[in-house]
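Down below is the structure, laid out as structure tokens.
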Amino acid sequence: MMPSLNEYLMVSGLLFAIGFAGVLMRRNIIIIFMCLEMMLSAANLSLVAFWRFGNGQGMPAQGYDAQVLVFFVIAVAAAEVAVGLAIIVALFRARCTVHVEDLNSMKG
Amino acid sequence: MTIIDLIIIIPILAAVAIGCGGSARVLALAAAWANLLLGLVVFVTLVAKGGDEMHFKSSWVLLHSPELTLGFAVDGMSGVLVLLTVIVTFCAVRVSSGDLGKGSGKLYYISLLLIAAGALGAFCATDLFFFYAFHELALIPTFLMIGIYGNGREKVATAWKITIYLGVGSLILLGGLIALYVSLSPPGAPTFDIAKLAPSPGEHPLSAEVQKWIFLPLLVGFGILVSLFPFHSWAAPAYAAAPTPVAMLHAGVLKKFGLYGMLRVAMPLLPEGFEAWKGLLLVLLLGNILYVGLVTISQRYLDRMIGNSSVMHMGYIFLGIACCNSIGWGGAVLMMFAHGISIALLFALCGSLRERLDTLEISRLGGLGGSMPFLAVTFGFAAFASIGLPGFANFASEITIFFAAFKDAGEMGILQVATILALWGVVISAVYMLRAYRSIFQGELIGERYPADLAQSMRLPVVLMIVILLLTGFFPNIILKLLPNLFEVL
Amino acid sequence: MSIAFIILLLPLVAAASILLGIRKKANLSAYVSVASAGICFLLTLGLIRGSGGEAGAFTWLSVGGLELKIALEITGLTRGMILVVTLVGLLVHIFSLGYMRDDAGKARYFAGLSLFMFSMSGIVLADNFAMMFIFWELVGVSSYLLIGHWFQKNSAAEASKKAFLVNRIGDFGFMAGILLLWGATGEIGFSALRETLEVQTFDPSLLNWAMICIFCGAVGKSAQVPLHVWLPDAMEGPTPVSALIHAATMVAAGVFMLTKVTFLIIAAPVAASVIQHVGALTALLAALMATQQSDIKKILAYSTLSQLGYMVMAVGFAGFLHSGEAVGAVASNAGFFHLYTHAFFKALLFLGAGAVIYACHHEQDIWKMGGLIRLMPVTAITFLIGTAALAGLPPLSGFWSKDAVMAVTQNSTPLLIVGAITAFLTAFYMSRLCTIVFFGKARSQAAREAGEVPLMMRAPLVILALGAVIAGFEFAYGWFIAPADLPHPHGALPLVLTIIGVAGIVTGYLLHRGREKDPIRVEVLVRKFYIDEFYLFLVRVFQDGVAYLAKAVDQLLIDGLIVRGSARLTVGVGLLLRGLQGGNLQRHVFLFGVGIVIVIYLITIALG
Amino acid sequence: MSLLFYIFSGVMLVFGLLVVVNRNPVSSALSLVVSFMGLAALFITLNAYFIGVIQILVYTGAVMVLFLFIIMLLDIKSEQCRKLNYVAMGGGVMIVLAFVAQLTMILAGYAPGKQRLVELPGDAAVHQDVKRVGEALFTHFNFHLQLLGVLLLIATIGVVVLSRRQGEGN
């Protein structure tokens, strides 16, 4: 018996929740970064799911805009990871730590 | 360009000239002299022409849609107050010779002149906007003067306190004025001009209820500016901490702005509004006279005591205003004039005392009458003037206000009861003033030093003020002729 | 400028010129002041013979419906009073020339005296309440200046302050009364008031209250019972001042005002009875207190108080309802007649005391004097004449005026008894004073070397003694009160009074002959019924206590709560907000998460 | 078909959880790779073959390799478990649970979600979605593509600037 749209959305929601939990609880900035990627891909999943169930009877929607959007999201995520990691490297070299508590110089 | 515009512009020009390099004291003195003479000229012409309608009218229309004109005009009442301002400014500038320890005193004289200009502008402005704006002009220099040139330990804290307090007061007042402007200006052309806003005597566009709620912010706003009973706590410490000329100007002149506002703006435009709050005002002014009177008695420092006594005398002026008849209002204006001069005189003498003695604590002073005869005599005059001895202007105004309260009052209404209680204030003021005079100037000499008598430069302003007080005391009609039927006119 | 105005303004001109111009040259200012007093006296003689009526008016203050005028009015009583004021004033001026010859503040003293003459004649000549009130306060100030003449002395400074404040309390009542009257009738002129009272009828309680308040003014000025504490202390001032102010003129102002307002007293029977009883009480208490004093001037002060009590009681009887109809003006005339005669012999007594003090090098305690009759015959004899007149022995003026007063008091027997007791006490303490000071032997070195005072001081004594003798006879007072207007005692009253007087003198002499100190010492009388202590307590508790409380409340409530409270509030909110910008990354994400949950929740509600 | 769906989503979620729970960053990176593989499989079940392949290529291939590379470069030791801030953990868990609860509540009420997946008819099973996406990309979204190119260029420049040694460095 075929899976329904709700199941897909539930799965992507869970994945997003896990990613979010990771960002919230972990101290290590690398791990936070990974969880961030998970949250992004969860969003992609729900996008594609909505495209697939586009016309309401289980058939995909007409245009392929969803896929193009997902494509763009992935591209941007890649760019973001690149810049993010560069920052982490620079940060590491400056502060020799990756733990978030020590990095609070932006205090108000 | 009438004389009135000249009087207002001269201090501002002098301040600017001092700003860009003129020698501070000379320019300030010149401006003060010029203003004094012009003030006299204005006064004389007013006496000649009678004080009922506006003279020296001049106006520049700045805006048309909400009709806004920078206009000045003087009738009997503002003429008297202009004269008061001019005299007190002259004496303040003369008196301020000694204080200039710190710096060249440029800022000192500039702010002094700005306060004077602010007061003058406020008294002559014909429309609400500039009436309010000029008062604000005078607020900031007071803060600077108290903060920088003040004396006493917590002068900066007091400077902050007075500025915030008056700021809040002006805000509340602004609220009231805006409400007034919005509700009263004729439907077609919204205007700030007080004359146009005044309703024709017959019908009144606003219902009594609306008037009541517009009158409240005006009353509270003016109350704060004039240190009415619950809002008086800023006055005494501020005057104690302020340098002498600022205390003279602020207590003597600026505080009259609130009262002038009541008579010029609040009362004529919202007659029913006042009726609604009459009971409250009476209670507050009794608080002023009796409560603050008692506080004055318990004061230990002379400058604090004089500050409180000026707060107390405000109660009488409010009583005059509350009588709502031309005797009361005439008496109130005369009281403003008399109180302005006598308080300025007291602060001038208190300032010179502060220079000579290290402390102004009454209990630690004694028997200075012997070593400072001139100061003792002049302080005696000032003390007796302020407690309302016949022969001085204060008494003339006090007796007018008391008679006004009892004008054809068959039975004892609340106003009459309030007046009897206020009458007791006369005794209270005698108590604290004589107690201070007795312990400072009479009895054996406490402390070993023999302080020198009043400086020569101070003698002229002090004598001038005493002569004016005596003159208006013996012949109050000079002033009163200008305001024969104030109530009907406004 | 009618004569009355000149009499009024001349002393003011003198005082002003002394203060401004010739302050430096003491003698010149003294002579100027004496000259002005002299001229005023001569003018008064001229004025008295002239016709009465309006003497010109000057509008002092007019605004709205209010018209306050400085107007002068010469009625019968005024002529008598102005004579007393100017005559006694002149004599005191001449006496002070000698008394104050070597005083440092001589110019200031004479300026004060002239100022006093100005304000006193203002009260006497006033034609309306407002003007009278103005000069009422001016008299208070000039007595403040004169009592506090030697202001270096703490006691003098305290006494002058006390005098002024007590007077001020009296003025408060006086002003309240005037306002009440003005409110009801709209008039303040005496004649105008009289007419309106005859024409309209006003609600009696208002009239009674107004009269009581006005009487309160008289109580303050004439030192009646509740407000009498300042008179004994006022002896701190130089003796001529006491003679002028605290014997003849100023304290009499209260009684004079009451006589001018008799038509009001008649219209206010309740107030009239209050006046009578206060007067009687004052007379009795003062006489009792006088018996135990040891300072010569204090004794005379209390005797003045007691005599004033008599006058007030007499005037009070004007409103007494004698079988339905008020006794009327005859009573106030009796009071005024007593005032008239009393001015002479009391001034004489005070100046005599001044002479004695001057002779004994400023010694005021009677127990340090003695046997002065041999050393100062003229002063002694004049003093004895004065004492006899005060005690009410027949030929002298005191007898006539006291009889007039007692004749009026016959209407109510209790007050008659009080009057008789007081008469006895008066005779008693005066003879006590005379026996101690003049007879027996000198009790101190100063008393032994006392010599007669110079002519300048003796002359006024003789003149006043003459006045004390003849003032009682009809030709001396006839020109301002018709003899018919005076009440005539019926029955054996005059005889009884004379016997009481003689008895008082004899007992006084017997008890105090050759004694070193008071035979009987009644502590309560010496301490003046502890009234002073009670007032001090009252002042301390009410005034300073409440004032301190007010200051505390002022500091805490208004300052602390409203002003500082709002300041602290804003600072607190600021701190709270700052916490949100913490550098901690976790917290940012956490808040981000909270934001998401809330938004979703809201959306569901909105859609749901 | 639904069996496959449950397998792949199970793999994805479990390994996702492992990423978060793991102490050692390397093992969490690897578990992330596996999780992305599961995700790509899900894309395939949704007939989005192009996206599935891209997911594998870009994410798992490039991004995770980069992560591993950085982890090795910075030699980040596994976390000596520093004091765990229980309050923050607790707060975090609370928020996530609240989020999941809201999700389930919404999906329960979401009617269109009930529709079942329908097999694509005949040749549609192998419908050239890559061609169609390419067409859409280069015709309709051409401008966006160029923009994306510029973005990537800037990212690379940024990375170069950031990782340049500041002088001889600290």
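To the nearest 20 Debye, how big is the dipole of chain C about its Cα centre, given +1 on the beta carbon of each Lys and Arg and -1 on that of each Asp and Glu?
Computed charge dipole of chain C: roughly 1840 debye.
Whole-Hz ³J(HN,Hα) for each residue in region D:61-69, computed from phi via Karplus 6.51 cos²θ - 1.76 cosθ + 1.60 with θ = phi - 60°, x for glycine and proline: what do you get?
x, 7, 4, 5, 4, 4, 4, 4, 4
Between Rg and the Kirkwood Rh of region B:238-341, both from Cα atoms, what is the Rg to Rh ratio?
1.00
Can you compute 3J(HN,Hα) from phi for each residue in region B:81-91, using the Karplus curve 6.51 cos²θ - 1.76 cosθ + 1.60 with θ = phi - 60°, rounded to whole Hz and x for Gly and Pro?
Karplus values, whole Hz, x for Gly and Pro: 5, 5, 4, 4, 4, 4, 5, 5, 4, 4, 5.
To the nearest 500 deg cm²/dmol, what mean residue ellipticity at 222 nm is calculated for chain C from DSSP H runs of n ≥ 4 alone, each contributing -39,500 (n - 2.57), summed and divided by the residues?
Helix contribution divided over all residues of chain C: -23000 deg cm²/dmol.
Using a simple charge model, +1 on the beta-carbon of Lys and Arg, -1 on the beta-carbon of Asp and Glu, nothing else, what dipole does the protein assembly as shown show about its Cα centre, in debye to the nearest 20?
3540
What's the ranking of C:374-385, D:33-44 by average number of surrounding C-beta atoms within 10 Å, highest first?
D:33-44, C:374-385
Quick one: putting +1 on the C-beta of Lys and Arg, -1 on the C-beta of Asp and Glu, what dipole do you get for region A:5-102 around its Cα centre, in Debye to the nearest 20?
Its charge dipole is roughly 200 debye.
Using a cut-off of 17 Å between alpha-carbon atoms, which lysines can reach residue C:528, once sequence neighbours fewer than 8 places away in the same chain are excluded?
Cα-Cα hits under 17 Å: C:162, C:297, C:298.
Please list, in order along region B:165-170, the HN-Hα scalar couplings obtained from phi with the Karplus expression 6.51 cos²θ - 1.76 cosθ + 1.60 (θ = phi - 60°), rounded to whole Hz, x for Gly and Pro.
Working through the residues one at a time gives 4, 5, x, 4, x, 5 Hz.
Where does the charge balance sit around residue A:47 when Lys and Arg score +1, Asp and Glu -1, over other residues with C-beta under 15 Å from its C-beta?
Once all neighbours under 15 Å are counted, the net charge is -1.
For the pair residue D:153 and residue A:89, what calculated FRET efficiency results from E = 1/(1 + (r/R0)^6), where r is the Cβ-Cβ distance and R0 = 22 Å, to the nearest 0.05?
After rounding to 0.05, the efficiency reads 0.65.
With an 8 Å cut-off on Cα pairs and a minimum separation of 6 or more residues, tell me the relative contact order of region C:201-279 in percent.
43
From the C-alpha gyration tensor of region B:314-410, pull out the three semi-axes of the equivalent ellipsoid (sqrt of 5λ each), sorted largest to smallest, in whole Å.
34, 12, 11
Can you return the aspartates and glutamates within cross-link range of residue B:196? Criterion is Cα-Cα under 15 Å, with same-chain partners fewer than 8 residues away left out.
Of all the aspartates and glutamates, those that pass the test against residue B:196 - Cα under 15 Å, at least 8 places apart if same chain - are B:53, B:67, B:127.
Need one value for D:130-141: mean number of C-beta atoms belonging to other chains within 10 Å of its residues' C-beta atoms.
What the average comes to for D:130-141 is 3.
With 10 Å bins from zero, work out the P(r) of the protein assembly as shown over every alpha carbon pair and list the percent per bin.
Computed distribution, short to long bins: 1, 8, 13, 15, 12, 10, 8, 7, 6, 5, 5, 4, 3, 2, 0, 0, 0.
Heavy-atom accessible surface, probe 1.4 Å, ligands and DNA/RNA ignored: which residues of region C:180-219 lose at least 30 Å² versus the isolated chain?
Residues of region C:180-219 that lose at least 30 Å² of accessible area once the other chains are added: C:180, C:182, C:183.
Give me the mean projected area, in nm² to one decimal, of the convex hull enclosing the Cα positions of region B:3-480.
Average of the hull's projected areas for region B:3-480 equals 21.3 nm².
Taking amide hydrogens as modeled 1.01 Å from N in the peptide plane, which residues meet the under 5 Å criterion relative to residue C:189, leaving out close sequence neighbours?
Answer set, sorted by chain and number: C:129.
Looking at region C:332-390, I'd like the Rg to Rh ratio, where Rg is from alpha-carbon atoms and Rh is Kirkwood's inverse mean 1/r.
Across region C:332-390, the Cα-based Rg/Rh ratio is 1.09.
Can you give the mean number of other chain Cβ atoms that lie within 10 Å of the Cβ atoms in peptide B:280-290?
0
Amide H neighbours of residue C:439 under 5 Å, at least 5 residues apart or on other chains, H built in the peptide plane: list them.
Sorted by chain and number, the residues that satisfy this are C:371, C:372.
Taking only C-alpha pairs under 8 Å that are 6+ residues apart, what is the relative contact order of chain D in percent?
16
Can you send over the carbon and sulfur percentage of the accessible area for chain B, probe radius 1.4 Å, protein chains only?
Carbon and sulfur atoms account for 72 percent of the accessible area of chain B.
So what's the gap between the Cα centers of region C:144-165 and region B:402-467, to the nearest angstrom?
17
Going by the alpha-carbon gyration tensor, a ≥ b ≥ c the square roots of its eigenvalues, is chain D rounded (a/c under 1.5) or, if a/c is not under 1.5, prolate (a/b greater than b/c) versus oblate?
Since a/c reaches 1.5 but b/c is at least a/b, the shape of chain D is classed as oblate.
Which whole number gives the average count of other chain Cβ atoms within 10 Å of the Cβ atoms across peptide D:105-111?
4
Check residue B:127: other-chain or 5+ apart residues with amide H under 5 Å from its amide H, H built from backbone geometry?
For residue B:127, the qualifying residues are B:71, B:194.
If you take the beta carbon distance between residue C:569 and residue C:549 as r and set R0 to 30 Å, what does 1/(1 + (r/R0)^6) give as a FRET efficiency, to the nearest 0.05?
Calculated transfer efficiency: 0.65.
Could you run the numbers on buried accessible area between B and C, total for both chains, 1.4 angstrom probe, in Å² to the nearest 100?
5100
Could you tell me which of rounded, prolate or oblate describes chain C, using a ≥ b ≥ c as the square roots of the eigenvalues of the alpha-carbon gyration tensor, with rounded for a/c under 1.5 and, failing that, prolate when a/b is larger than b/c and oblate otherwise?
prolate
Arranged from highest to lowest average of other beta-carbon atoms within 10 Å per residue, in what order do the peptides D:101-113, A:1-13 appear?
Output ranking for D:101-113, A:1-13: A:1-13, D:101-113.
Report the antiparallel proportion of the DSSP beta bridges in the protein assembly as shown as a percent, rounded to a multiple of 5.
Of those bridges, close to 95 percent are antiparallel.
Per residue, how many Å² of accessible area does the protein assembly as shown show with a 1.4 Å probe?
37
Specify whether the C-alpha gyration tensor of region C:315-417 places it in the rounded, prolate or oblate class, a ≥ b ≥ c being the square roots of the eigenvalues: rounded for a/c under 1.5, otherwise prolate if a/b is larger than b/c and oblate if not.
It comes out prolate by the Cα gyration axes.
If you take the beta carbon distance between residue B:355 and residue B:157 as r and set R0 to 22 Å, what does 1/(1 + (r/R0)^6) give as a FRET efficiency, to the nearest 0.05?
0.45
The values are calculated or read from the model by the stated rules, or taken from the named source; none is laboratory data. Keep in mind it's a predicted model, so treat the numbers as computed, not measured. Please note: Cβ atoms are built from the backbone with ideal geometry, for glycine as well, and neighbour counts cover all protein chains shown. SASA here: full protein model, heavy atoms, side chains in, ligands and nucleic acids out. Shrake-Rupley method; radii C 1.70, N 1.55, O 1.52, S 1.80 Å.
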